Amino acid sequence: MKSNKSYSGVWIILVAAVVLEAISCIQYFYSRAGIRAEAEQRAQSELRRAELEINVVMVEMEAAVKMLAAEAEKHVDNPDSIAAATRMLLQTIGNVGSVGIACKEDLFPEKGHWYEICSSRQPDGSIYTRQIGGADHDYFKTEWYHNGLTFHGCKWSEPYMDRYGARTMVVSCTYPIHNKQGDVVAVACVDISLDYLHQVSEYLQIYKDSYYSIHSGKGLEIVSGADTVPGRKYQIYNEEIDKTGWKISIIIPEDVIFADLNRIGLIVGLLMIVGLALLLFIVWYAGNSNKRLILSIEKNQRMEGELHVASTMQMAMLPQVFPPFSDRPDLDVYGIVNPAKEVGGDLYDFFVRHDKLFFCVGDVSGKGVPAALMMAMTHSLFRNVTEHEENPAAIVSEMNKALTEQNSENMFLTLFLGVLDCKTGKLDYCNAGHNAPVLMADGQWRMADVVANLPLGIEADYAYKAQTTQMAYNDLLFLYTDGLTEAENVNHELYREQRMLQCLSAMTDSRPREVIERMQTSLDEFVNGAQQSDDLTMLAIRYQIPAIVMRNDIQQIPTLAEWIDGLGIPEELNMPINLALEEVVSNVMLYAYPNKNGQVFVEFAKLMALNSQPSTFVFTVTDSGVSFDPTQQAEADITSSAEERKIGGLGIHLVRQLMDEIHYRREEGKNILTLIKKL
Amino acid sequence: MTTHIQENDNQLIAKFSGRLDTAAAVQTAEDVKPLLEAADKEIILDCTDLEYISSSGLRIFLGVRKDAASHGSQVIVRNINADIRQVFMMTGFISLFEIQ
């Protein structure tokens, strides 16, 4: 169990980790692609902007150089005017750092072999114009000069160090200056410092840690980026400026592009780890509490199981062998407990002591463990208290006291407890909130009269009231729990007392077992397979006619005496009744069955006086032999002398003498002789 | 039910013990036959241990009584209990026998 649990915990974590990781990876790679596309787009757009701006600068420079050239051409024969032109241009066009006009060798012999006029803007804004050509600045060898001479139009030079003009790294745009004859006599030159280019292209640094560079067509750095570091991956985006062949590059280290993503990835990763840790904790905790839950469930189940065993044992202690009293022909008792699925709290019990039948049917409120405990307790209390107490009210009161004192669960118990005096048929009972039993007397079923006593377990000192009724022979008492009347069918209809009474009313001559079995059948038909929700207990007690059946054999006579001894007839009546019955029975045996096969059936009943004492004893002797009415026999002669006496006729004479009444009837081929003896 | 017969010089004593009911009467009738053959002796029916008697038993007693009378003998019933005395009363047997 435990290892399974921790395995499943690990599995949960693993699966969660894999799922999260997969999600993160997918997200990461899609984000990466998106970010890369975005970076590229951004770079391209900045590159185009840079190209545009540089182009604007260049166009301005080219315009400036053309203007300068045009101005210079006007004064191509005057070196001072050329110098003035450079000065004027610088004044006119603000963003040019320095301009110059480099004349061909010996154009103005008076000025010498080299003549290059250069105007440059001073830091204070003033313009400084001077002739910078000379042996130390042999501009004839420079690229830009060569460009100016050879290209017909604007030409941009490679970057170079202008030590004489701007005194910084510059690129120069040159334009030829022609004389009136159309010959190139000088080169107009406008310089842009690389610093300026650098300034105008600053926005190319699209990431904080990205670089950009501008290279000339020959690969010289115009604007320098940072050196790349081996092993670091870079994304490089280029754009070429058509006019100059310059190449603008944006160089972004990949880790810079994906810095945000990586940072987010890191955060997500951390969150994931935290989440997984949390999940692990939850799983562990849940596992533990599950374990606790499982343990408690197991404990409950075990407890319930044990209680079920206890309950089964308890039920096994209830009388379950029927008929229960082989030596009590006057009592026929049958009972069942059908426990619902759960351990429940129904019970019945009965036993006979000193010719008294003690019985009870109870129903503990609720179900489960506490109910079963209370039921068990009630059962032992019933057995214990009845050992020294015979009054139902006293028994119930004592049981109630004990149950109330030990009742921590606020449970209660309804109970019907009765004590039937088998000798007299007097039934004392106490009904503690239980369903009123049904009594069958004289062929009529009716609810027994019950007063409203509190159920047990509520009030320790409650004074329970007992009641008394008289049971006559063949009366039947039917007890039950609400598992019967409140049984539900699938439509949630209750069985109810009406159906119970209806079922009972059809049984006026049934034995307890048959009554209960037919009731069960009726109930089963009613509920029609619905789940039994409550315990069902039924107990039926018949205070019945004791009877004896004898074979047509005179040697059976002694059993008659034994049977009569067990009827609880007052001592002084024992012999007369015994003798009268023997005379009648032996008469049947001797004369009723000429072919010797047959039976004699003797039934006993006693009638009670108003004081509940037996007053009249009634015996019915039935045989299926030849019709014979002993009451029609002539009175025996008991006065004549022995010599005159006839042997015979004494038996019927004795019966007449011994009994108060003798009635004969012939019914359905049977001789039925009723002997009545009054006390 | 047992019947034990004792013979003295001038007495035949039949000692009954148990219940003389219809079932027992068959055997008892056999057991008392010696009483019927013994003439001129006093017949004592000792009922000290006789618990119960039915009409079948009474018939046996009556048979003994009749036979004795024909031989001129006397039958004495000794030590009957209350129940049997009641039966003797009801049947008039109390006047047929000498009860001791």
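The values are calculated or read from the model by the stated rules, or taken from the named source; none is laboratory data. Small disclaimer: the values here were computed from a predicted structure and weren't measured. Every residue, glycine as well, gets a Cβ built from its backbone with ideal geometry; the counts of neighbours run over all protein chains shown.
So B:PHE97 passes all but one of these: (1) in contact with a helix residue (DSSP H, G or I) (Cβ under 6 Å, 6 or more places away or on another chain); (2) of a type in the set (A, V, I, L, M, F, W, C); (3) at the interface with chain A (Cβ under 9 Å from one of its Cβ atoms). Which condition number does it fail?
Single failed check for B:PHE97: (1).
Does A:ARG511 satisfy being modelled with pLDDT under 90 and basic (Lys, Arg)?
Working: modelled with pLDDT under 90: yes; basic (Lys, Arg): yes.
Taking the combined requirement at face value, the residue satisfies it.
Can you tell me which residue within segment A:533-564, out of those that are part of a loop (DSSP other than H, G, I, E, B) and more than 11 Å from every other protein chain (Cβ to nearest Cβ), is modelled with the lowest pLDDT?
A:ILE545
Kindly evaluate A:GLY100 against the criterion of being under 17 Å from A:SER172 (Cβ atoms) and small (Gly, Ala, Ser).
yes
List the number of the failed condition for A:TYR464; all other conditions in (1) touching a Phe, Trp or Tyr at 6+ places or on another chain (Cβ under 7 Å); (2) at pLDDT 90 or above hold.
(1)
Take A:THR414 and decide whether it is among the polar types (S, T, N, Q), within 19 Å of A:LEU479 (Cα to Cα) and in a strand (DSSP E or B).
Yes: the conditions hold for A:THR414.
Among the residues of segment A:449-483, which ones are hydroxyl-bearing (Ser, Thr, Tyr), surrounded by fewer than 21 Cβ atoms within 10 Å (Cβ to Cβ) and either assigned to a strand (DSSP E or B) or assigned by TED's automatic domain parsing to the domain that holds A:PHE604 (or both)?
Scanning segment A:449-483 gives A:THR468, A:THR469.
Do the conditions hold for A:TYR139, that is, is it closer than 26 Å to A:GLY245 by Cβ, without any contact (Cβ under 8 Å) to a residue 40 or more places away in the chain and either under 60 Å from the mean Cα position of the chain (by Cα) or crowded, with 17+ Cβ neighbours inside 10 Å (or both)?
yes
One line per residue, one yes/no per condition, for (1) outside the structural domain of A:PRO370 (by TED's automatic domain parsing); (2) at pLDDT 75 or above; (3) over 33 Å from the mean Cα position of the chain (by Cα); (4) not aliphatic (A, V, I, L, M):
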site: A:ILE257; (1), (2), (3), (4): yes, yes, yes, no
site: A:LEU261; (1), (2), (3), (4): yes, yes, yes, no
site: A:TRP284; (1), (2), (3), (4): yes, yes, no, yes
site: A:LEU295; (1), (2), (3), (4): yes, no, no, no
site: A:GLY305; (1), (2), (3), (4): yes, no, no, yes
site: A:HIS308; (1), (2), (3), (4): yes, no, no, yes
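Would you please list the contacts, defined by Cβ atoms under 8 Å and residues six or more apart or on different chains, that run from a residue in segment A:276-292 that is under 17 Å from A:VAL15 (Cα atoms) and of a type in the set (Phe, Trp, Tyr) to a residue that is assigned to a helix (DSSP H, G or I) and at pLDDT 80 or above?
Pairs that qualify, where the first residue is under 17 Å from A:VAL15 (Cα atoms) and of a type in the set (Phe, Trp, Tyr) and the partner is assigned to a helix (DSSP H, G or I) and at pLDDT 80 or above: there are none.
In this structure, does A:VAL585 turn out to be outside the structural domain of A:HIS354 (by TED's automatic domain parsing), at pLDDT 85 or above and farther than 30 Å from A:LEU427 by Cβ?
yes
Determine, yes or no, whether A:ILE557 is closer than 26 Å to A:ASP629 by Cβ, hydrophobic (A, V, I, L, M, F, W, C) and surrounded by 20 or more Cβ atoms within 10 Å (Cβ to Cβ).
Considered against the rule, which asks whether it is closer than 26 Å to A:ASP629 by Cβ, hydrophobic (A, V, I, L, M, F, W, C) and surrounded by 20 or more Cβ atoms within 10 Å (Cβ to Cβ), A:ILE557 comes out as yes.
Here is a list of conditions, (1) hydroxyl-bearing (Ser, Thr, Tyr); (2) surrounded by fewer than 21 Cβ atoms within 10 Å (Cβ to Cβ); (3) modelled with pLDDT under 85, and A:SER98 meets all of them except one; can you say which number that is?
Single failed check for A:SER98: (2).
Within segment B:41-87, track down each residue that is hydrophobic (A, V, I, L, M, F, W, C) and free of Cβ contacts under 8 Å to residues at least 24 places away in the same chain.
Within segment B:41-87, B:ALA69, B:ALA82 meet the criteria.
Considering only residues that are touching a helix residue (DSSP H, G or I) at 6+ places or on another chain (Cβ under 7 Å) and either surrounded by 19 or more Cβ atoms within 10 Å (Cβ to Cβ) or more than 21 Å from A:ALA259 (Cβ to Cβ) (or both), which ones fall in segment A:207-233?
Correct list: A:SER210, A:TYR212, A:ILE214, A:ILE222, A:VAL223.
Restricting to segment A:318-341, name every residue that is in contact with an Asp or Glu (Cβ under 8 Å, 6 or more places away or on another chain), modelled with pLDDT under 80 and not small (Gly, Ala, Ser).
Scanning segment A:318-341 gives A:LEU318, A:PRO323, A:PRO339.
At least 2 residues that are outside the structural domain of A:ALA63 (by TED's automatic domain parsing) in each: list the strands (runs of 3 or more DSSP E) lying fully within segment A:165-246 that qualify.
On the way: elements: A:168-178, A:184-193, A:211-215, A:221-223, A:234-241.
Where strands (runs of 3 or more DSSP E) fall fully within segment A:165-246 and carry at least 2 residues being outside the structural domain of A:ALA63 (by TED's automatic domain parsing), they are A:211-215, A:221-223, A:234-241.
How about segment B:33-70: which of its residues are over 19 Å from B:ALA23 (Cβ atoms), within 9 Å of the chain's Cα centre (by Cα) and more than 9 Å from chain A (Cβ to nearest Cβ)?
Scanning segment B:33-70 gives B:ILE43, B:ILE44, B:LEU45, B:ASP46, B:VAL64.
Please work out if B:ALA25 is free of Cβ contacts under 8 Å to residues at least 40 places away in the same chain, within 10 Å of chain A (Cβ to nearest Cβ), surrounded by fewer than 17 Cβ atoms within 10 Å (Cβ to Cβ) and on the phi < 0 side of the Ramachandran plot.
no
In this structure, is A:ARG32 within 21 Å of A:SER172 (Cα to Cα), basic (Lys, Arg) and surrounded by 15 or more Cβ atoms within 10 Å (Cβ to Cβ)?
Here the answer is no, as A:ARG32 does not meet what is asked.
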